[in-house]
Amino acid sequence: MNFLKTFLITLVVYLGLNTVFVLIAMFANPLFPKTDILYIIAAIFFPISVVPGDAWIGSGIVGLITAVDIVTVLLTFLGLIIPPLVAIIVGARLGENSQTGFGAWFTVALLSCGVYAILIGLGQLSSPYLALNWFALTVIYGELGAILAIFIAGIINGFFYGCISLLLANKWI
């Protein structure tokens, strides 16, 4: 399958699974802001802004060991790792070669982090929850650093899961 089809299918799988996990969070957590539409849309793109090391170690192993509410921690961990893993497996299997799957996932990661950065920037004015997210990022990194942190996380996710996609490809070239 050519690059465009692989990219579109990978994007739909990734965003679809993220949407499923956001819906699970909406119904499982009574404190989830169900009326803030911009926050819900941004939550679909949020997982790309978490680097794989933090997702696997911080939210995964350490989070599960130290958890008081193991269900929430487990759902957070699964929501951070299942969508990219399923998306790269689908992209790697559908791509005509290893570079197609890698490129499709890397493009999905860059597009997702760009959309998340735009949503969190726009949400400062209309969504108190996104404003708090932006404030927390700017306290840690500064304004330019917050935007760079989102894009660097997207690039790291693109390379990390893209390399797994290379290993799972049907054909090497």
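The values are calculated or read from the model by the stated rules, or taken from the named source; none is laboratory data. Computed from a prediction, not measured in an experiment: that's the story for all the values here. Positions of Cβ are generated from backbone atoms using ideal geometry, with glycine treated the same way; all protein chains shown enter the neighbour counts. The accessibility values were calculated without ligands, DNA or RNA, using every heavy atom of the protein model including side chains. Shrake-Rupley method; radii C 1.70, N 1.55, O 1.52, S 1.80 Å.
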**Message:** Among the numbered criteria (1) small (Gly, Ala, Ser); (2) part of a helix (DSSP H, G or I); (3) open to solvent by less than 40 Å² (accessible area, probe 1.4 Å), which one does Ala136 miss?
**Reply:** (3)
**Prompt:** Would you pick out the residues in the range 62-90 that are within 19 Å of Ile156 (Cα to Cα), at pLDDT below 90 and either among the small types (Gly, Ala, Ser) or touching a Cys at 6+ places or on another chain (Cβ under 9 Å) (or both)?
**Reply:** Gly79
**Message:** So, in the range 21-36, exactly how many residues are over 13 Å from the mean Cα position of the chain (by Cα) and either among the polar types (S, T, N, Q) or at pLDDT 90 or above (or both)?
**Reply:** 4
**Message:** What pairs come out if I take residues in the range 62-88 that are within 23 Å of Gly162 (Cβ to Cβ) and pair them with residues that are assigned to a loop (DSSP other than H, G, I, E, B) whose C-beta lies under 8 Å away, six or more apart or interchain?
**Reply:** Leu80/Val50
**Fill in**
Subset of the range 90-103, residues in a helix (DSSP H, G or I), more than 19 Å from Val51 (Cα to Cα) and open to solvent by 40 Å² or more (accessible area, probe 1.4 Å), comes to Val90, Arg93, Leu94, Gln99
**Asked** What single numbered condition from (1) over 19 Å from the mean Cα position of the chain (by Cα); (2) surrounded by fewer than 16 Cβ atoms within 10 Å (Cβ to Cβ); (3) within 18 Å of Leu8 (Cα to Cα) fails to hold for Val86?
**Response** (1)
**Fill in**
Given (1) at pLDDT 85 or above; (2) among the polar types (S, T, N, Q); (3) under 30 Å from Glu96 (Cβ atoms), Thr138 misses just (3)
**Asked** Somewhere in the range 106-118, is a residue over 19 Å from Ala43 (Cβ atoms), part of a helix (DSSP H, G or I) and touching a residue at least 60 places away in the same chain (Cβ under 8 Å)?
**Response** yes
**Matching residues in the range 134-150 - criterion: being among the aromatic types (Phe, Trp, Tyr) and more than 14 Å from Phe46 (Cβ to Cβ)** = Phe135, Tyr141
**Request:** Return the only residue of Lys5, Lys34 being of a type in the set (D, E, K, R) and more than 19 Å from Gln99 (Cα to Cα).
**Result:** Lys34
**Item:** Identity of the residue in the range 150-172, open to solvent by less than 30 Å² (accessible area, probe 1.4 Å) and touching a residue at least 60 places away in the same chain (Cβ under 8 Å), that ends up farthest from Val86 (Cα to Cα)
**Value:** Ile150
